[in-house]
Amino acid sequence: MKGSPMLICIPDISGFTEFMSETDFELSSKIIPALLNQIIYTNKIGLKVSEIEGDAVLFFKTGEMPSLQELIEQCRIFYTEFYKELDALREKYKKNKDAASIPEILGLKIILHYGKEIALTKVGNSIKLFGEDLIIAHKLLKNKVRMNEYLLFTEGLTNFYKENNLDDQFDWGSLKQNSTEYEHVGEINYSYINLKPLVKP
């Protein structure tokens, strides 16, 4: 199994566990798939779906990479279209007593990582990804960021786009830096920015 460089993008629905436990199953079983579909359908830069993981979509891209500007714009689209769908679903199911809580509980965070060695293999009808860089991307879903909705860039991704000044790419907020220590993989450095200003004044 040979690894190759790869972009990993994981849009992850925050508040998923709370939403599933506090709303009736009939409503949640319609809302979550609709939101995941919205994320998949608003992919404009040729990302491929490896897996849908309950509350997240695992996208990947090999070969020619999008520009940093295109990648950030794609994440902006993921987030703003996610909120349009949240509002549409709240209206659609407004007769359900739990519908009003849909935008209050649910949100979106997005992890971006560029790995130098990730392997692709077919398991059944699915393409599975393997490698330490994939583990890093997944581990970063649990981090030290003290906000529910954000866009996170690993050091691996910012190094790949090192010719661009990451701080100059955003017109809605300021980029912050942090790191988290993980068992077996060590300390991972990352940058992140709050996504809420894109839809919430």
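The values are calculated or read from the model by the stated rules, or taken from the named source; none is laboratory data. Since the structure is predicted, the reported quantities are computational estimates derived from the model, not experimental observations. Virtual Cβ from ideal backbone geometry, glycine too; neighbours counted across all protein chains shown. Ligands, DNA and RNA are excluded from the accessible area calculation, which covers all protein heavy atoms including side chains. Shrake-Rupley method; radii C 1.70, N 1.55, O 1.52, S 1.80 Å.
Figure legend. Inter-residue proximity from segment 149-175: first residues open to solvent by 40 Å² or more (accessible area, probe 1.4 Å), second residues of a type in the set (Phe, Trp, Tyr), beta-carbon distance below 7 Å, spacing 6+ or different chains. Indicated pairs: 155/190; 160/114.
Would you check if residue 45 is part of a helix (DSSP H, G or I) and either open to solvent by 10 Å² or more (accessible area, probe 1.4 Å) or at pLDDT 90 or above (or both)? Judged against the criteria, residue 45 is not a match.
Mind checking which residues of segment 117-136 are touching a residue at least 12 places away in the same chain (Cβ under 8 Å) and more than 22 Å from residue 151 (Cβ to Cβ)? 117, 119, 120, 121, 126, 127, 128, 130, 131, 132, listed by residue number.
Answer yes or no: is there a residue in segment 98-112 that is among the polar types (S, T, N, Q) and modelled with pLDDT of 90 or more.
Within segment 98-112, not a single residue is among the polar types (S, T, N, Q) and modelled with pLDDT of 90 or more.
Here residue 13 meets the list (1) closer than 23 Å to residue 132 by Cβ; (2) part of a strand (DSSP E or B); (3) of a type outside the set (Asp, Glu); (4) open to solvent by less than 60 Å² (accessible area, probe 1.4 Å) almost entirely, failing just condition (1). When residue 52 is tested against (1) open to solvent by 40 Å² or more (accessible area, probe 1.4 Å); (2) in contact (Cβ under 8 Å) with a residue 60 or more places away in the chain; (3) in contact with a helix residue (DSSP H, G or I) (Cβ under 8 Å, 6 or more places away or on another chain), just one condition goes unmet, and that condition is (2). Looking only at segment 62-84, which residues are crowded, with 19+ Cβ neighbours inside 10 Å and basic (Lys, Arg)? Matches in segment 62-84: none.
Applying the selection to segment 16-39, what residues are aliphatic (A, V, I, L, M) and open to solvent by 40 Å² or more (accessible area, probe 1.4 Å)?
Filtering segment 16-39 down to residues aliphatic (A, V, I, L, M) leaves 20, 27, 31-32, 34-36, 39.
Result: 20, single match.
Which of the residues that make up segment 50-66 are β-branched (Val, Ile, Thr) and more than 12 Å from the chain's Cα centre (by Cα)? Result: 62, single match. Restricted to segment 85-99, and to residues there that are among the charged types (D, E, K, R) and either touching a Lys or Arg at 6+ places or on another chain (Cβ under 8 Å) or without any contact (Cβ under 8 Å) to a residue 12 or more places away in the chain (or both), the residue that is surrounded by the fewest Cβ atoms within 10 Å (Cβ to Cβ) is 95.
Looking across segment 85-111, just one residue is part of a loop (DSSP other than H, G, I, E, B) and among the hydroxyl-bearing types (Ser, Thr, Tyr), and that is 93.
Residues of segment 86-124 that are of a type in the set (A, V, I, L, M, F, W, C) and closer than 30 Å to residue 159 by Cβ: 108, 110, 111, 112, 118, 119, 120.
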